[in-house]
Each structure stands twice: as structure tokens, then as C-alpha cells.
């Protein structure tokens, strides 16, 4: 069994959100697979080549966070909250 080594627990279950990048000029829909106080795992609608920093927004989860991309696996992107 793989041990979870993340710094904060993350409840699972997809929720909808949007990412904004390019100075908020571009946006893309996403699924938020898990979320913690320190970061999130999202899946992009398309194979979007997003920037290293972006803004994650979800009215459903009441979040609006500036993020740094820390991992990519196909359409799934690991984010760390920085602001």
C-alpha cells in the first residue's frame, strides 16, 4: 500500500472550477479532484498548456487561490497554493 506523504489531508470527489492564466486573459474549465489547505489536484477539460502560475476559482468550494504548478500527468495537474 502506498503511504500518503502530503502535508495536509485531501478529501476526494470531483467539483467544478475554472483556472485563469496569462494575466487572467485566458481561462479553462477544470475538475477539482481533491483539495486541501495547501493545494489541489485538478483535471483540465482540454490538453491545455497552462502557465506555471495560475488562479484557481470554484464557487462550489468557495475558493479563489493563486497557485503554482508542481506536477503534471496528462490532463491532471498538481497545484500548490501560494497566495
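Readers should treat all values here as calculations from the given coordinates under stated rules, not as data from a laboratory. All of these numbers come straight from a predicted model, not from anything done at the bench.
The base-10 log of I(q)/I(0) for segment 12-81, evaluated at q = 0.12, 0.13, 0.24, 0.29 Å⁻¹, reads -0.24, -0.28, -1.07, -1.72 [Debye formula, identical scatterers on Cα atoms, solvent excluded].
Working out 0.36 nm times the residue gap between residue 71 and residue 45, then minus their Cα-Cα distance, what length gain in nm do you get to one decimal? Provide the component values of the computation, followed by the final result.
Details: separation 26, 0.36 × 26 = 9.36 nm, distance 1.68 nm.
Length gained, residue 71 through residue 45: 7.7 nm.
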